[in-house]
Every structure is written in C-alpha cells, then in structure tokens.
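Accompanying notes for the structure given below.
Values in this text are rule-based calculations from the coordinates and carry no lab data. Because the structure is predicted, anything quoted here is derived from the model rather than measured. Reconstructed Cβ throughout: ideal geometry from the backbone, glycine too, with neighbour counts over all protein chains shown.
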Amino acid sequence: MHDRLALLRLLRDVGPALLALLIAVYLVDALMPAAIAVATGALVGTGGQDIMSAVLVLGGILLTGQAVSQFRPAVETLAGGRVDGAHRARLSELATRGATLPALERREVQDLIKIATADPLNWVDQTPGDGAVTQLELVVRYVGLLSSAAVLAAWSWWLIPAVVLPAFACRLLMVHEWRGHFRVWVAGIEHDRQKNYWNELAFRPAEGREARIFGFGAWLADRYLRHVNAHLGPVWSDDRRMARRTWWMFLLAAVPLAGVYFWVGYGTAAGHGSLAQLTAVVTAAWSMFQMIGRGYDMIALEGSRVVVAAIRDLERLLPSEPVQVAQGSGVRFAGVRFAYPETSRQILDGVDLEIAPGERVALVGLNGAGKSTLTKLLAGLYQPDSGTIAVETPVAVVFQDFVKYQLSLADNVTLGSAVPVDGAALESACEDAGLADVLSRLPDGYDTPLARARTGGVDLSGGQWQLVALARALYATRTGARVLVLDEPTAHLDVRTEADLFGRLAAITKGISVLLISHRLATVRQADRVALLDGGRITEQGTHEELMALGGAYARMYAIQAERFTRGFEDRLEEGELI
C-alpha cells in the first residue's frame with residue numbers, strides 16, 4: 001500500500017489541469033463497460049420502432065468509447081512524461097548536490113542509480129511515470145467496477161462475489177509472481193552495469209580504436225554476452241516459469257466465471273429472466289473479469305515500484321545537503337589525515353599547509369604521495385578522517401582526468417559557473433588559457449560543438465582539450481572562485497606552450513590563491529612557495545632557491561630531472577637534431 005500511495009504522490013508533478021483531464025478520461029473509460037452492457041441489453045429487449053433509439057444510444061456509447069481510446073494515449077504520455085522528467089531531475093540532484101565521492105563510489109549506490117534511471121536500454125521498460133498513471137487508472141477503474149456490479153446485482157447479488165473474488169485472487173497471485181520476477185532482475189543488476197561497460201567500450205571512439213588496432217573486439221563481445229547471460233539468464237528462466245503458471249491462474253478465475261454464465265443462461269431458459277437481462281449480465285460479468293484480471297498494469301506497477309524503491313533507498317544513502325566546508329581566507333590544512341574508504345593505507349598523515357590569499361604554492365612529490373588526493377579534499381569531494389580544512393570558496397579545479405564534454409566551446413568553458421554567461425569573462429578566460437589559435441580555426445567559433453559526432457562538430461587534440469579545461473577553471477575565477485587548483489595542468493602540452501602558460505600564470509591568476517601540482521619541477525620554480533609532500537606529510541617548504549640551498553629531497557629530485565634533461569639535450573645536439 002505504501003508503494004501504491006508513493007506512485008500516486010508522483011502525480012503532483014503532472015499539474016492540476018492535466019491531472020483532471022486524465023482522471024476524466026479514465027472515468028469515462030471505466031464507466032464504458034457497464035454502459036455498453038446496459039445499452040446492449042436494452043437493444044436486445046427492444047422491439048418495434050424503439051429499436052432505432054436503442055441502436056443510436058449504443059452507437060453513441062461505442063463512439064464515445066472509441067474517441068476516448070484515441071485521445072487517451074496522448075494524455076497518458078504527456079502526464080507520464082512530466083512525472084519522469086521530475087524523477088530524472090530528482091535523481092540528478094541526489095547524485096550531484098550533496099553526494100560525496102565515497103557515497104557515489106559504493107557498489108550498492110551504483111546499482112541503485114542503475115535501477116533508478118529506468119532506462120529501456122537497461123531492460124527496464126517501466127518508468128515512474130508509467131506506474132503513476134497506471135495506479136491512477138486502477139483506482140478509477142474500481143469506480144467503474146461498482147457500475148458493472150450494479151448490473152449484476154439486478155439479477156442476483158451473489159453474482160458479484162462469484163465473479164469478483166476469483167478474479168481478485170488471480171490478480172493477487174499475478175502481482176506476487178511479477179514482484180518476484182522483478183526481484184530476480186534486481187538481483188543481477190551489477191551484471192547489467194558490467195554489460196553496459198563492455199558494450200560501450202566497443203562503440204566509444206577512443207576505446208573502439210584500440211579494440212580494432214589490437215583485435216580484441218571479439219573478446220569484448222564475449223565479455224558482453226557473459227554478463228548479458230549472467231543477468232538475463234535467470235530472468236528468462238523465470239519468464240518461462242511464469243508462462244506455465246499463468247494458465248493455472250487464468251483457470252482459477254475463468255472456471256467460476258463459466259459457472260456464472262451457465263447459471264444465468266439456465267435461469268433465463270427456465271423463465272427466471274429476460275434475454276435483455278441475460279445479455280446485460282453476461283457483458284457486465286465479462287467486463288469485470290477483464291478489468292480485475294488485466295495483466296499489463298501489473299507489469300507497469302511492479303516495474304515502476306522497483307524504480308521508486310531505488311530512489312527511496314538513494315535518499316537514505318546519499319546526503320541531501322551539500323558538504324559543509326569550513327570558510328577561511330585562502331587555504332588552510334591543519335593536521336589532516338585521510339585514507340580512502342575500505343582501505344587501510346593512510347594517504348595523508350597529518351598534513352599542515354597554508355596558502356595565503358593571492359599566493360601561488362606548488363605542491364610536488366613522488367607518484368602516489370597523495371597530491372591529487374589532497375586536491376580532492378580541498379574541493380570537498382572527500383572529507384578528512386581527522387583534522388580541519390578551511391578554504392575560501394568557491395574553488396575551481398583542473399583535474400588530471402578532466403572531462404571532455406560533447407558541448408560547444410562556450411558551454412565547455414562556462415559550464416556550472418555564472419548564469420547568464422559573461423561574454424567578456426569567456427573571451428578573457430579562453431585567451432589567457434591559450435585558446436586563441438584553436439578558436440580561430442573553429443568553424444562556428446564559441447558555438448562549435450567539440451565532438452565530431454555532432455553536426456558541425458570538431459574534435460580536439462589532448463593538449464587542446466587541456467587548454468579548454470584550464471579555460472573553464474579560469475572562467476570560474478572570473479565569476480567568483482577565489483581558489484584555483486591546477487593538478488598537472490600541462491601534462492598534454494608541449495614544452496613551448498607549457499613555458500608560455502607558466503610564464504603568464506602570475507598575471508592571469510592575480511589575486512587568486514593557486515595550488516599548482518606538477519611533476520616538471522622546472523615549471524614550479526616560479527611559484528611563491530614550493531611544498532614537498534612525502535610520507536603523507538609536508539616535509540619541506542619554501543621558495544625554490546631556499547629548498548635548493550637546503551639540499552634535501554626536493555633538491556635531489558630537481559637535480560635528477562635537470563640531469564636527464566641536460567643529457568637528452570646533449571645527445572640530441574651530438575646527433576645534429578638541434579642544429
């Protein structure tokens with residue numbers, strides 16, 4: 001009952017006018033069987049000149065029913081679409097507004113999101129909109145049952161339970177069967193996620209390129225089919241079991257109905273009723289049997305019930321409020337300790353670091369030292385196990401694994417920032433990021449889609465995409481962000497472009513607190529201060545010159561890189577490459 005009421009509550013997103021229209025359509029549809037039964041009986045029992053009136057009445061009822069049946073799908077689709085739109089918006093809000101990465105990364109949460117998306121490609125044809133309108137139709141249908149019951153009662157009251165009770169018993173059994181069927185589907189949802197992953201690998205351009213080069217397309221197809229069979233094999237087996245049991249359930253309701261027909265027919269033959277009454281009772285009994293035992297609505301109700309339950313579980317597992325970050329001037333880490341969920345390795349073990357407003361600090365360290373982890377904590381994607389982080393929000397970040405959105409250049413840069421778009425800030429962000437040359441070659445300028453699969457779209461190189469990600473972060477600083485985090489922002493750039501960018505970094509980030517992470521130590525020497533992260537702590541910090549004079553780990557790392565670069569330069573000079 002709770003799930004049924006939950007489906008009805010979803011109809012608040014339909015709007016009062018459309019909801020009233022939908023109820024009216026369902027009410028006419030529900031009253032139609034009883035009206036047809038009475039009109040048919042009247043036609044059979046009418047003689048002489050009155051037969052024309054009876055025909056016109058029956059014809060009018062049938063035409064009304066046909067008109068409603070033509071109009072009904074459009075109203076249902078519109079109402080269900082509004083419910084589904086609100087559902088998708090709620091799911092998106094749950095996944096982005098308050099959810100931290102640890103919550104989203106849980107397998108249980110990923111499974112629930114997969115179910116809640118209600119995507120037909122996931123073998124879920126029933127959406128919350130389908131369930132909501134079907135539940136409303138079921139409620140109104142029971143009103144129509146009362147009118148048909150009145151027709152039966154005109155013959156004898158006991159005909160009502162004789163028809164209704166077996167049909168309801170059949171319905172309850174079918175509901176139980178479908179509920180179990182969807183439990184089988186939900187049990188294999190992880191295989192469904194894996195199946196989609198392998199399928200996407202074969203068709204996404206980047207992964208598909210490697211599949212063709214290395215010839216493992218057949219291997220991908222095999223992995224895909226394994227997960228399809230692992231997920232849908234039990235579902236198909238349950239389908240066959242249900243098909244066998246459906247006949248027995250049908251007989252449970254059909255045999256009593258046949259008995260009712262026999263009894264009414266026998267009574268009419270014995271003179272206990274008229275042919276008109278017989279016609280009305282037979283028609284009404286059949287319509288009641290159909291209205292109660294109708295099967296397609298069970299699929300919609302039970303399938304959408306699974307989706308609604310998934311949303312309810314997500315609301316329980318995901319925080320509804322955004323993560324609260326302590327406010328401060330610049331950035332301050334104090335005694336921060338952190339280990340990733342369900343792991344024992346301490347990534348950060350007492351980090352103390354401050355970045356003053358407008359200061360540029362470079363963070364360096366070996367691979368796996370925790371530099372990127374520190375940026376995720378700074379951005380509020382994870383919460384520290386202990387210690388405090390105070391930051392002047394909002395924060396703009398360029399991650400190593402930045403996202404390549406299949407949107408226009410303008411949308412890629414302004415995504416998530418000030419609305420409406422600040423044209424001057426957009427232009428300056430693109431220019432400061434070094435996108436002027438790229439922009440000059442785009443056919444539609446800022447409106448060019450950055451995806452070859454879209455009409456008029458183009459694709460960019462890895463380095464050009466990195467400049468777009470940088471422009472997005474710079475645009476955020478132009479529209480309110482006071483802290484900028486650059487995690488390997490030039491990994492895809494050539495040396496000349498990188499040197500030019502870092503040479504202008506102070507000017508383009510003036511007044512902004514900057515945390516720069518880079519493995520290329522020659523580029524970080526321009527920072528106001530360099531901090532070395534080692535063993536989960538900041539072990540050295542100061543200007544480049546101070547750390548070189550210290551002769552510690554930073555100085556050794558710098559010397560190793562400088563030696564490799566110098567040796568490579570000399571080798572190329574000897575080979576005449578640079579002459």
| request: Quote the relative contact order of region 2-317 in percent (integer), defining contacts as alpha-carbon pairs under 8 Å separated by 6+ residues. | output: 34 percent
| said: Let's test this: bin the Cα-Cα distances of region 167-257 at 5 Å from zero up to the farthest pair and state each bin's percent. | reply: 3, 13, 17, 13, 12, 10, 9, 7, 6, 4, 3, 2, 1, 0
| note | Summing -39500 (n - 2.57) over every DSSP H run of at least 4 in the chain, dividing by its residue total and rounding to the nearest 500, the 222 nm mean residue ellipticity is -21500 deg cm²/dmol
| request: Please state, rounded to one decimal and in Å, the Kirkwood hydrodynamic radius that region 2-317 gives when every pair of distinct Cα atoms enters the mean of 1/r. | output: 22.8 Å
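If I stretch the segment between residue 108 and residue 179 completely, what's the gain in nm (0.36 nm per residue apart, minus their alpha carbon distance), one decimal?
Details: separation 71, 0.36 × 71 = 25.56 nm, distance 2.05 nm.
Extra length from residue 108 to residue 179 when fully extended: 23.5 nm.
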| field | Quotient of Cα Rg and 2.2 N^0.38 Å for region 195-242, N being how many residues it contains | value | 1.44
| remark: When the charge dipole of the chain is computed with +1 on Lys and Arg Cβ and -1 on Asp and Glu Cβ about the Cα centre, the Cα farthest towards its positive end, among 443, 554, 522, belongs to 443
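For the peptides 165-173, 265-273, what is the packing order when you average, over each peptide's residues, the other Cβ atoms within 10 Å and list the highest mean first?
Working: 165-173: 17.4, 265-273: 12.7.
Ranked by mean Cβ neighbours within 10 Å, highest first: 165-173, 265-273.
For the chain, what's the relative contact order in percent, using C-alpha pairs closer than 8 Å and at least 6 residues apart?
On the way: 826 pairs, mean separation 88.1, N = 579.
Relative CO of the chain lands at 15 percent.
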| For region 327-574, what's the relative contact order in percent, using C-alpha pairs closer than 8 Å and at least 6 residues apart? | 26 percent
| request: State, to one decimal in nm, how far the label point of residue 427 lies from the label point of residue 66, with both points 7 Å from Cα in the Cβ direction. | output: 6.5 nm
| task | Measure nothing but the geometry: give the 0 to 90° angle between the long axis through the Cα atoms of 495-508 and the longest principal axis through the Cα atoms of the chain, rounded to 10°. | result | 90 degrees
| said: Please compute the Kirkwood hydrodynamic radius of region 43-96 from all pairs of different C-alpha atoms, in Å with one decimal. | reply: 14.7 Å
| Selection from 65, 501, 365 lying farthest towards where the dipole of the chain points positive, charges on Cβ | 65
| message | Treating only the Cβ of Lys, Arg, Asp and Glu as charged (+1, +1, -1, -1), what charge dipole size does region 2-317 show about its Cα centre? Round to the nearest 20 debye. | response | 460 debye
| query | Which one of 269, 243, 191 has its Cα pushed farthest toward the positive end of the charge dipole of region 145-304, where Lys and Arg give +1 and Asp and Glu give -1 at the Cβ? | reply | 191
| task | Pop a pseudo-label 7 angstrom from the Cα along the beta-carbon direction at both residue 506 and residue 346 and give the gap in nm to one decimal. | result | 3.8 nm
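Seen from all sides and averaged, what is the projected area of the convex hull of the Cα atoms in region 327-574, in nm²?
Details: hull surface 61.4 nm².
Reported value for the Cα convex hull: 15.4 nm².
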| Based on Cβ point charges of +1 for Lys and Arg and -1 for Asp and Glu, what charge dipole magnitude is obtained for the chain about its Cα centre, in debye rounded to the nearest 20? | 1780 debye
| field | Theoretical gain in end-to-end length, residue 156 to residue 385 [0.36 nm per residue, Cα-Cα removed] | value | 75.1 nm
| Approximate spin-label separation residue 407-residue 419, in nm, with each point projected 7 Å along Cα-to-Cβ | 1.0 nm
| field | C-alpha center-to-center spacing [region 354-397, region 234-298] in angstrom | value | 70 Å
| request: Using a 10 Å cut-off on Cβ atoms, rank the peptides 236-248, 541-553, 469-481 from the highest mean neighbour count down. | output: 469-481, 541-553, 236-248
| note | Over all viewing directions the Cα convex hull of region 321-438 casts an average projected area in nm² of 9.8 nm²
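Sorted by packing (mean other beta-carbon atoms within 10 Å per residue), highest first, where do 22-28, 130-136 land?
130-136, 22-28
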| query | Evaluated at 10 °C with a viscosity of 1.306 mPa s, what Stokes-Einstein diffusion coefficient in µm²/s does the chain have when Rh comes from the Kirkwood expression over alpha-carbon pairs? | reply | 53 µm²/s
| Potential lengthening between residue 312 and residue 499 on full extension [0.36 nm per residue; Cα-Cα distance subtracted] | 62.2 nm
| field | Calculated Rg and Dmax of region 56-195 using C-alpha coordinates, Å | value | 21.3, 68
| field | Per-bin percent of Cα-Cα distances, region 402-447 [5 Å] | value | 4, 21, 32, 29, 13, 1
| query | Stokes-Einstein D for region 238-297 at 4 °C, 1.567 mPa s, Kirkwood Rh over Cα pairs, in µm²/s? | reply | 98 µm²/s
| said: Once R0 is set to 51 Å, what does the formula 1/(1 + (r/R0)^6) return for the Cβ-Cβ distance between residue 528 and residue 203, expressed as a FRET efficiency to the nearest 0.05? | reply: 0.60
| message | Using only the alpha-carbon atoms, how far is helix 217-269 inclined from the longest principal axis of the chain? Give it as 0 to 90 degrees, nearest 10. | response | 20 degrees
| query | Between region 479-511 and region 135-200, what's the alpha-carbon centroid distance in Å? | reply | 61 Å
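What number do you get for region 509-558 when its Cα radius of gyration is normalised by 2.2 N^0.38 Å, N = residues?
Values: Rg = 11.0 Å, N = 50, 2.2 N^0.38 = 9.7 Å.
Normalised by 2.2 N^0.38 Å, the Cα Rg of region 509-558 equals 1.13.
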